[in-house]
Amino acid sequence: MNPFNVNDKTKDMVITNIQFVLNSFLSGSYSTVIFTWVLHLDSIVELIRSAIRYDHNFFHFTLVCDEKILQERINSDNERTTDICLALDRLQKSRLVNSEIIDTSKYSPFSIANFLKTKIIS
């Protein structure tokens with residue numbers, strides 16, 4: 001099985017791996033676990049959350065930006081081979097996810113990290 005072929009089997013494998021890793025961290029001695037991923041559908045979030053065993057606070061943030069900014073960010077990173085059409089599609093779907101939406105268009109990664117830290121710690 002090639003994990004880079006997206007099909008139902010590989011999608012299930014990814015979700016199962018995410019659930020395992022998160023449960024492993026949450027059952028350890030960590031007071032905070034930050035999980036980042038492009039979760040562009042509520043159904044994916046629920047699949048992951050449904051198998052997570054936790055008695056911790058749960059924060060769900062969706063980081064979005066302007067379409068033009070996203071294209072500029074992708075194009076400025078020579079290491080990425082991201083399909084811009086796919087990224088733009090995921091951006092639109094991400095805006096509909098039931099979470100706290102944070103527009104990062106005008107902010108640096110450092111500023112966003114500090115903002116999230118403040119939200120989580122307060």
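Taking Cα centre as origin and charging only the Cβ of basic (Lys, Arg, +1) and acidic (Asp, Glu, -1) residues, the dipole magnitude of region 1-58 rounds to 120 debye.
Comparing Ile34, Ile102, Ile44 in a Gaussian network model of the chain where C-alpha atoms under 10 Å apart are linked, the largest mean-square fluctuation is found at Ile34. Between Thr32 and Ser111, the contour length at 0.36 nm per residue exceeds the Cα-Cα span by 26.5 nm.
Maximal additional length on extending the Ser99-Val21 stretch stands at 25.9 nm, based on 0.36 nm per residue less the C-alpha distance. Diffusion coefficient (Stokes-Einstein, Kirkwood radius over C-alpha pairs, 25 °C, 0.890 mPa s) for region 1-58: 196 µm²/s, rounded to a whole number. For the chain, a crude dipole built from +1 on the beta carbon of Lys and Arg and -1 on the beta carbon of Asp and Glu, taken about the Cα centre, is about 220 debye to the nearest 20.
Okay, helix-only estimate at 222 nm for the chain: each DSSP H run of n ≥ 4 adds -39500 (n - 2.57), divide by all residues, round to 500 deg cm²/dmol; what do you get?
Helices in the chain give a 222 nm mean residue ellipticity of -16000 deg cm²/dmol.
Treating only the Cβ of Lys, Arg, Asp and Glu as charged (+1, +1, -1, -1), what charge dipole size does region 28-97 show about its Cα centre? Round to the nearest 20 debye.
160 debye
Rounded to two decimals, the Cα-based Rg/Rh of the chain, with Kirkwood Rh, is 0.97. The GluC sites (Glu not before Pro) of region 37-73 include none that DSSP puts in a loop with a beta carbon having at most 14 other beta carbons within 10 Å. Projection of the Cα convex hull of region 60-122, averaged over all directions and equal to a quarter of that hull's surface, yields 4.7 nm².
Bear in mind that the values in this text are calculations on the coordinates, not laboratory data. Note that the coordinates shown come from a computational prediction; the quantities given were computed from them, not determined experimentally. Virtual Cβ from ideal backbone geometry, glycine too; neighbours counted across all protein chains shown.
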